[in-house]
Amino acid sequence: MKVETVVSDSASIVPLVESLAHTRIRDCYQCGKCTAGCPMAARMDAPPTRLIRLLQLGHAETALRAQAIWQCVSCQTCATRCPKSVDCAGVMDALRQLSAERGVATPAQQRIVLFQKAFLRNIRRNGRLNELELIAEFKLSTFLRGRSFSFLLKDATLAPELMKRKKFHLVGEKAHDRAVVARIFARCMDNSLL
Amino acid sequence: MNLAYYPGCALHGSSNDYEQSLRVCLETLDVQLKEIDDWICCGATAAHSLNQKLSLALPARNLALAENKGFQEMLAPCPMCSMQLLKARKALAEDEALRRSVSEIVELEVRGETQVLNLIQLFEAIGLDRLKAAVKSPLGSMCAACYYGCLLTRPASVVEFDDSEQPRSMEKILEALGSKTVDWNYRTECCGAGMTMASEQTVLELSHKILSNAAAHGANCLVVACPMCHVNLDMKQVNIGRHFGVRHAMPIYYLSDVVGLALGFKPEALGINRHFVGKA
């Protein structure tokens, strides 16, 4: 894996990851139990044990650019099984947040980043998730980026099937007090740590 | 029994069949659900992936809304919601400064007084003896694979529910209803959860293993207590079969579906007719 040092100072990223995840990366003694139980490890460029090791050795930029952090399904198996109580799933969350904030997620994983961002915009606007709106926004943002018609139209046949089953709502629910939701979002997105 | 109800977005969206069946069951069992006034989304995977502060604040606001109405307990039938609510509750209980600053962010005092229950815990609170006594059509022909997925039992330190490696709580409920249950390997493996839209391939691979393992161990249906598991295993089942060149024909029931069937309700009354995979 190529190591680049353009993101920012590695030494400052590791403490940031630890404080976002409320866990101590140095506690890991590399037993590999997290990777052994990880359902996605076989597809990952840097499975959980190795991601943690990258952070221990100060290669934070490599960790932030790993495909693995966006392949993680947040199943919490790693964190639950860790004999040293390292919250590896929390580390994944912290790495995703920093990777997205710095715009360094790999192109191959952009679709997942776009989905999560569209999801947050949706609940910021509505207070509750509007599935149809989310799908439209996600499909549009991926199309604008990759111009893939096949992905744009994929699952389009699902709409009538969902409609037939009364599982499809043209107009989704909204919270009444959406102003408070917007204020909560504004306060959470000021980049300060809690 | 009177408790606060946090449906979450899925149960008011494409998983409204889950809400239908749990409402039918709970009404018969004298449980009154009071939907939390003006609840908001818990933020789910998007919040905990992109903004740690939001993933605390959004559930914290819902906790405050419930406790301000004096509720001791709240039902959150979606394990993603219930885990996020419990995680926020725990973090705020352990750190007074954090509790105060999150309370300011969400414009409500969050005390963390309301306990959060998943659907299995609610049926346990109702009591297996009471369930057993209410059975009208025992599930004799059912041989169920109980599927817990990720977040009902994990992270164990947050949800503090059942055994994270070998849970048995759902099997006990099913057996009380007269169903047989199978021992199988994928009870707590992940189905791909929130990747349904963004990375279907992940869901196809993980869910295929779950469906295949349940069938190989003799199950004639799979029982879940999670809207995301249901979407991946039921709605995506045809795609999974097409992708791997096999034919899965595994009905996927919500826990409240099987309780409802045992209590004598017709599948249509529970919304089972709205699932994608029908009974073989």
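Please treat every number below as a calculation from the coordinates, not as lab data. Predicted model only: the values in this text are computed from it and were never measured. Cβ placement follows ideal geometry from the backbone for every residue including glycine, while neighbour counts extend to all protein chains displayed.
Computed from backbone phi with θ = phi - 60° and the Karplus coefficients 6.51, -1.76 and 1.60, the 3J(HN,Hα) list for region B:241-251 is x, 4, 5, 9, x, 10, 10, 8, 9, 10, x Hz; x is used for glycine and proline.
Note on chain A: GNM, Cα springs under 10 Å; of A:Lys139, A:Lys117, A:Lys167, the largest mean-square fluctuation is that of A:Lys167.
Within the listed set B:Gly218, B:Gly245, B:Gly192, the residue fluctuating most in the Gaussian network model of chain B (springs between alpha-carbon atoms under 10 angstrom) is B:Gly245. For region B:1-60, the dipole from Cβ point charges (+1 on Lys and Arg, -1 on Asp and Glu) about the Cα centre works out to 280 debye, to the nearest 20. The H on the amide N of A:Arg128, modeled in the peptide plane, is under 5 Å from the matching H of A:Ala175, B:Cys41, each at least 5 residues off or on a different chain. Near the amide H of A:Asp87, within less than 5 Å, lie the amide hydrogens of A:Arg24, all on another chain or at least 5 residues away, with H placed in the peptide plane. The GluC sites (Glu not before Pro) found in region B:11-77 include none that occupy coil by DSSP while having at most 14 further C-beta atoms within 10 Å. In terms of its alpha-carbon gyration tensor, region A:107-188 comes out oblate; a/c meets the 1.5 threshold, while b/c is at least as large as a/b. Cysteines in chain A that lack a partner Cβ within the 4.7 Å cut-off: A:Cys28, A:Cys31, A:Cys38, A:Cys72, A:Cys82, A:Cys188. Computed from Cα atoms, the angle from the helix A:88-101 axis to the main principal axis of chain A rounds to 70 degrees. Between A:Ala108, A:Ala156, A:Ala68, where does the largest GNM mean-square fluctuation fall for chain A, given springs only between Cα atoms within less than 10 Å? Most flexible of the set in this elastic network: A:Ala156.
For the protein assembly as shown, the Kirkwood estimate of hydrodynamic radius, built from reciprocal distances between every pair of different alpha carbons, is 22.7 Å.
Positive-end ranking of B:Ala269, B:Met74, A:Val180 along the dipole of the protein assembly as shown, with charges on Cβ about the Cα centre, is headed by B:Ala269. Across chain A, Cα pairs under 8 Å and at least six residues apart give a relative contact order of 19 percent. Counting neighbouring beta carbons within 10 Å and listing from fewest to most, the residues B:Lys180, A:Lys154 come out as A:Lys154, B:Lys180.
About its Cα centre, the dipole of region B:165-245 is roughly 120 debye, where the only charges are +1 on Lys and Arg Cβ and -1 on Asp and Glu Cβ.
In percent, rounded to a whole number, the relative contact order of region B:136-274 is 28, using alpha-carbon pairs under 8 Å and six or more apart. Here the Kirkwood formula, the inverse mean of 1/r across different C-alpha pairs, assigns chain A a hydrodynamic radius of 18.6 Å.
What is the percent of Cα-Cα separations in region B:136-274 that go past 19 Å? Percent of Cα pairs beyond 19 Å in region B:136-274: 50.
The separation of region B:180-253 from region B:7-82, counted between C-alpha centres, amounts to 24 Å. Distant-in-sequence amide contacts of B:Glu73, defined by a placed amide H-H separation under 5 Å and a gap of 5 or more residues or a different chain, comprise B:Ala4, B:Gln115.
In a DSSP loop and with at most 11 other Cβ atoms within 10 Å, the GluC sites (Glu not before Pro) in region B:129-221 are B:Glu160.
Once the Cα-Cα distance is subtracted from the 0.36 nm per residue extended length, the A:Leu193 to A:Ala156 segment shows a gain of 9.2 nm.
Treating each Cα of region A:10-101 as an identical point scatterer and summing with the Debye formula, the log10 of I(q)/I(0) at q = 0.15, 0.21, 0.23 Å⁻¹ comes to -0.45, -0.95, -1.17. Take every Cα pair under 8 Å whose residues are at least 6 apart in sequence, average their separation, divide by the length of chain B, and the relative contact order is 20 percent. The C-alpha atoms of chain B occupy a region whose extents along the principal axes are 54, 43, 31 Å, arranged from largest to smallest.
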